[in-house]
1. Once the piece of chain linking T261 and T421 is laid out straight, how much longer is it, given 0.36 nm per residue of separation minus the C-alpha distance between them?
2. Post the alpha-carbon centroid distance, region 390-431 to region 73-101, in whole angstrom.
3. How do S346, S430 line up, fewest other C-beta atoms within 10 Å first?
4. Which distance in nm do the two modelled labels at Q158 and R69 give, with both placed 7 Å along the Cα-to-Cβ direction?
5. Would you mind checking the pairs K86/K149; K149/K211; K370/K433 and listing those with alpha carbons more than 18 angstrom apart?
6. By counting other Cβ atoms within 10 Å of each Cβ, how are I68, I353 ranked from fewest to most?
7. Using a basic spin-label model with each label point 7 Å from the Cα along Cα→Cβ, how many nm lie between R83 and S344?
8. According to the square roots a ≥ b ≥ c of the eigenvalues of the Cα gyration tensor, what is the shape class of the chain, taking rounded for a/c under 1.5, prolate for a/b larger than b/c otherwise, and oblate for the remainder?
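Derivation of every value follows stated rules applied to the coordinates shown; laboratory data play no part. From a predicted model like this one, the values you see are computed outputs, not experimental measurements. Cβ placement follows ideal geometry from the backbone for every residue including glycine, while neighbour counts extend to all protein chains displayed.
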Amino acid sequence: MPSAVSRRAFLSSIAATVVSLDSRAETPATADGLRILEARKGSLRLLPEPAAPTEIWGFDGTAPGPLIRIPQGSELAARLVNRLEKPLTIHWHGMRGDNAMDGVAPLTQPAVAPGGQFDYRRKAPDAGLFCYRPSVSPLTGELLGRGLKGLLVVDEPQPLPSDADLLAVLDDWRLDAAGRIDGGFGAAEQAAGDGRIGTLVAVDGKPAPSKHVLPPGARVRLRLANLANARIMFIGFEGLQPFVVAVDSQPCDAFEPVRRTIPVAPGARFEILFDLPQSEGSAAKLILRGLGEPDRDLMLFTTRGTKLTARPPIASLPQNPLLPPEIKLAASKKVDLVIEPPPSGSAPATWRINGAATKAYGGPPLFQVKRGTPVTLGFVNRADVAIVMHTHGHAMRLLHDLDDGWEPYWRNGVVVPPGKTKHVAFVADSPGKWALHDDILEHEAAGLATWFEVR
């Protein structure tokens, strides 16, 4: 397990919300096909009685919000209705292209004022697991921390065969002693440190782990997303052999992760296939690996009933033909971001990029390129905490540290450990103004955010 990621990010407990795909109703659509997503107050029972339910903000008053599920190639059409007292947008996290619908205020649209509404219509060219959430600088951390988040599944025409299709939404809740959401958003120690780490473990409002009973030998497709503000999760698999078939919405050649453990940063999504044991009464589980504390169970599987007929070996999803088979690194536009943390004791706490405090999405672009230009970004982390650098609208290759190759999967975001440098490459194929920021949302709010333009 990598040890360079800050230990403090693993010293609090986790809240995990884990739901089955078929246990959540899809949000209803209007006569013209628009799905209404109403942002409003709601409540969740995150603590047992006699504690009062916790007041949250959620799409349709729930957290996570209603599942949106559409076929690949169709139109995603949704209307955001803001019943809260804060400005909002919906950012479709992980979706490529269509800059006007990316939902980043003030970069791609004005924020939707309280009482207002905004219609999003965009194509869904890629199949995969995505999420939706607000992006309103510098309020995004509070909006998500109070519950405004949900999932979008874009189904491929020919899904991989499986006996169970499960969705796991990992999140954490930071509560006070009375079970209310801790209102300390924007605290300097969070902005300069590991971000906002939650203190409660929950599975749909009940203590983790979630429990699943399936037939012996069942093949499970697990779609897993980390929707926490800041927590980087190392998730291990015990009693089964997992194969990753997609990362950050993009298919990859099926592979078994090293040490059967995957690093899941905020905003990251993984799709995993595995077969449960062949004997009845067997157990398997997903574990949150801890540093300096015991591991924590997230999902428990038990086999019961008639043994299922063994399936063929696990296969890969088809690769996305819309992504380039290669990136010409030698011809790329090369941009380094030297990232420095806020000085100790500074107020407000402000991150710096290339020696200067940024104006986030209200300042000038970090760079501009013509459409079709290959781009190589270097993230130089001079902080003593990890950062998670995320590029909107594009899929990136994570380059090898010691040669000119790249990892055999696509990413939306990349973890840069303390004191380390990571390089990514992508083809800037989508015109518009695109956000580039730390997916640890307290860092983004404190200035670790900029943008680039594709013309």
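1. Residue separation times 0.36 nm, minus the Cα-Cα distance, leaves 55.4 nm.
2. The distance from the Cα centre of region 390-431 to that of region 73-101 comes to 25 Å.
3. Ordered from fewest to most neighbouring Cβ atoms within 10 Å, S346, S430 come out as S346, S430.
4. In this crude label model, Q158 to R69 measures out at 2.1 nm.
5. K149/K211
6. Lowest count first: I353, I68.
7. It works out to 4.9 nm between the two label points.
8. Because its axes are fairly even, with a/c under 1.5, the chain counts as rounded.
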